[in-house]
Structure formats: C-alpha cells, structure tokens
Amino acid sequence: MASGSVGLAELGFVEAAPAWRLRSEQFPSKVGGRPAWLGAAGLPGPAGLACALCGRPLAFLLQLYAPLPGRADAFHRGLFLFCCRTPPCCAGLRVFRNQLPRRNDFYAYEPPSEDPPLETGESVCLQLESGAHLCRVCGCLGPKTCSRCHKAHYCSKEHQTLDWRLGHKQACTQEGETPEEELDSMAKHESREDRIFQKFKTKISSEPEQILRYGRGIAPIWISGENIPQEKDIPDCPCGAKRIFEFQVMPHLLNYLKADRLGRSVDWGVLAVFTCAESCGLGTGYTEEFVWKQDITDTA
Ligand SMILES: [Zn+2]
Ligand SMILES: [Zn+2]
Ligand SMILES: [Zn+2]
Ligand SMILES: [Zn+2]
C-alpha cells in the first residue's frame with residue numbers, strides 16, 4: 001500500500017517548506033523541552049493537557065510551525081502535540097492547533113530581519129505578553145504556585161513534586177533567592193534540553209524522513225496493516241468540517257525520547273495527526289484536533 005504521494009510530503013523539520021524556514025528562528029518547530037506557544041490567548045489549561053486515560057499531566061512532544069499560505073486568518077499557525085509519559089499508561093495523546101492573522105496582538109507585522117542567529121537558536125522561547133504564569137517544569141499554563149516562595153508556578157501537583165526533587169527544594173528554602181538566580185536555574189534546565197534537542201536535530205538532518213512526514217491532505221503511511229483508521233474513526237471537527245491528515249510522527253522518534261526527565265517508556269509506532277479541513281477559527285486560542293496512534297504489532 002505504498003503511497004504515491006511521498007514526493008509531496010515535506011520530510012522532517014530540516015527539509016521543511018520555505019514558509020517554515022523563513023520564520024523558523026522566531027517560530028520554531030521543535031521536539032521536546034517546553035512548548036514555544038504561538039498565541040498567548042486561550043492556552044490549554046491543566047484539564048486540557050491531562051491524559052484522557054490516566055489523568056496525569058501530558059508531556060510536550062513536539063510542535064510544528066505550519067502556516068497556511070493564502071489564508072489571512074492562519075498567517076501564523078502552530079500544531080502542538082502532547083503525549084502521556086507516565087508509566088504504566090504512556091498511551092494518551094492530545095494535539096492542539098493555534099492560528100493567528102498576520103496582524104495580531106503578539107507579533108510584529110513585519111518579520112524580524114534575519115539578524116545574527118543565536119548560537120542556541122532552539123532556545124528561543126516566546127515570551128507570553130499576557131502575564132500568564134507557566135509551569136516551571138513543562139511550560140504549560142501554571143495556575144498553581146509554590147506555597148513557600150510564591151514564585152514557582154506549576155500546572156499540577158505532579159510537576160510541583162518533580163521540580164521539588166529536581167532542586168526547587170534547595171532554591172525555595174534559600175532565603176531571598178533573587179529573580180536572576182531563578183532565571184539562571186531555568187536557563188540551566190533549558191540548556192540541557194537544548195543539548196538534547198541539538199543532538200536530535202543534527203541526527204534528523206541526515207535522515208529526516210524517519211522522524212516526521214508532513215503533507216496536508218496527503219495519505220498517511222502506516223507501518224502495519226492493522227489498526228488503520230476508517231473514515232468513520234476520524235471524528236469531524238466541532239465546526240462541522242471533516243478532518244484531514246496533516247502530519248505523522250514516525251517510530252524513529254522514540255530513539256530520541258529516552259534521555260529527558262519527564263519520563264521514559266513511550267510505546268507507539270506511528271502517530272497520525274488529523275486537523276480540521278477548514279482550519280476553522282472556532283473560538284479563540286487553541287483548538288483540539290485528533291491523533292491516531294498505530295502501535296507496532298508484535299509479530300516476532
Ligand atoms: Zn496517561
Ligand atoms: Zn507542568
Ligand atoms: Zn518554592
Ligand atoms: Zn473546524
């Protein structure tokens with residue numbers, strides 16, 4: 001069942017379309033670390049980012065910058081994929097779409113000139129202008145606050161506990177930790193993630209097709225003949241439009257997910273993401289889309 005449309009697919013982050021490359025410094029497509037949110041309005045909250053199966057917070061997996069040329073309301077467009085990495089579940093997945101017109105509250109109308117690219121370009125994290133606090137661990141909306149220092153914000157009890165063990169215990173109890181020191185410790189977290197991401201990026205530049213396959217409306221490639229979704233298995237968007245295939249994550253990505261601190265065992269083959277064919281602007285903020293997971297079947 002080889003798909004004849006592979007040539008249309010944009011393979012991997014590195015081989016991405018010019019539109020992506022154009023603004024990739026400002027709008028990264030990235031794997032792991034924290035999400036670099038696009039719009040600051042209507043971020044998914046802890047409930048939206050909880051695993052539908054086990055209820056624990058999902059971990060950020062990757063994001064794509066995927067604007068729709070010719071669509072004024074989707075001049076900027078991002079897709080954000082999260083997965084459950086809490087054993088024994090490790091099965092839940094959720095994906096969100098956000099889009100903005102060229103003229104919006106968050107970004108300049110004219111793209112910034114391509115000034116000296118930062119050595120650690122991947123660490124460019126969008127600052128939210130809404131003043132929303134983000135979880136120190138995962139970068140998602142963090143409505144909970146450390147009750148001792150009132151400075152650290154978290155999405156969930158789980159991430160607060162994790163951060164406590166990762167060192168907030170010391171930072172928090174040190175009388176008068178200055179904001180700079182806190183930023184510094186965040187920067188250290190970031191640079192470790194950057195290193196992981198950098199390694200990943202170097203690797204995929206030689207074999208991008210093994211990681212991600214992008215092509216809105218093309219046919220997904222499955223790794224097994226089992227558990228292939230029928231049309232009825234892909235729910236329509238709440239706006240009424242059908243959902244169409246947009247990109248898929250290939251099993252090879254698993255190899256790069258072993259080293260980070262948010263968990264370990266993830267067990268899936270192909271993840272296929274389907275998005276609203278109209279890329280509708282239902283509501284503002286982040287619209288949930290649909291992920292189909294095809295597991296690797298054990299046929300030893
Ligand atoms: Zn779960
Ligand atoms: Zn969190
Ligand atoms: Zn604290
Ligand atoms: Zn829709």
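Points worth noting:
- Extreme residue, modelled with the highest pLDDT, among residues of the stretch 60-91 that are out of contact with any strand residue (DSSP E or B) (no Cβ under 6 Å at 6 or more places or on another chain) and within 16 Å of ligand 1 (Cβ to nearest atom): 84
- Meets criteria (at pLDDT below 85, among the β-branched types (Val, Ile, Thr) and either crowded, with 22+ Cβ neighbours inside 10 Å or over 16 Å from residue 291 (Cβ atoms) (or both)) for residue 14: yes
- The residues of the stretch 140-150 that are in a loop (DSSP other than H, G, I, E, B) and either within 6 Å of ligand 3 (Cβ to nearest atom) or within 22 Å of the chain's Cα centre (by Cα) (or both), listed by number, are 140, 142, 143, 146, 148, 149.
- The listed residues are 94, 103, and the only one of them that is more than 27 Å from residue 250 (Cβ to Cβ) and either at pLDDT 85 or above or in contact with a Pro (Cβ under 9 Å, 6 or more places away or on another chain) (or both) turns out to be 103.
- The numbered conditions (1) of a type in the set (A, V, I, L, M, F, W, C); (2) assigned to a loop (DSSP other than H, G, I, E, B); (3) open to solvent by less than 20 Å² (accessible area, probe 1.4 Å) are all true for residue 53 except (3).
Rundown of residues vs (1) closer than 19 Å to residue 58 by Cα; (2) open to solvent by 30 Å² or more (accessible area, probe 1.4 Å); (3) not aromatic (Phe, Trp, Tyr), yes/no style:
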{"residue": "137", "(1), (2), (3)": "yes, no, yes"}
{"residue": "144", "(1), (2), (3)": "yes, yes, yes"}
{"residue": "152", "(1), (2), (3)": "no, no, yes"}
{"residue": "155", "(1), (2), (3)": "yes, no, yes"}
{"residue": "158", "(1), (2), (3)": "yes, yes, yes"}
{"residue": "161", "(1), (2), (3)": "yes, yes, yes"}
{"residue": "169", "(1), (2), (3)": "no, yes, yes"}
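- When each of 36, 19 is tested for being modelled with pLDDT under 90, assigned to a helix (DSSP H, G or I) and of a type outside the set (Phe, Trp, Tyr), the lone residue that passes is 19.
- Only one of 88, 67 that is more than 16 Å from ligand 3 (Cβ to nearest atom) and either surrounded by fewer than 15 Cβ atoms within 10 Å (Cβ to Cβ) or free of Cβ contacts under 8 Å to residues at least 40 places away in the same chain (or both): 88
The values are calculated or read from the model by the stated rules, or taken from the named source; none is laboratory data. The structure presented is a predicted model; accordingly, all values stated were derived computationally and were not measured. Backbone-built Cβ (ideal geometry, glycine too); neighbour counts: all protein chains shown. Quick note on the areas: whole protein, heavy atoms, side chains included, nothing else; ligands and nucleic acids left out. Shrake-Rupley method; radii C 1.70, N 1.55, O 1.52, S 1.80 Å.
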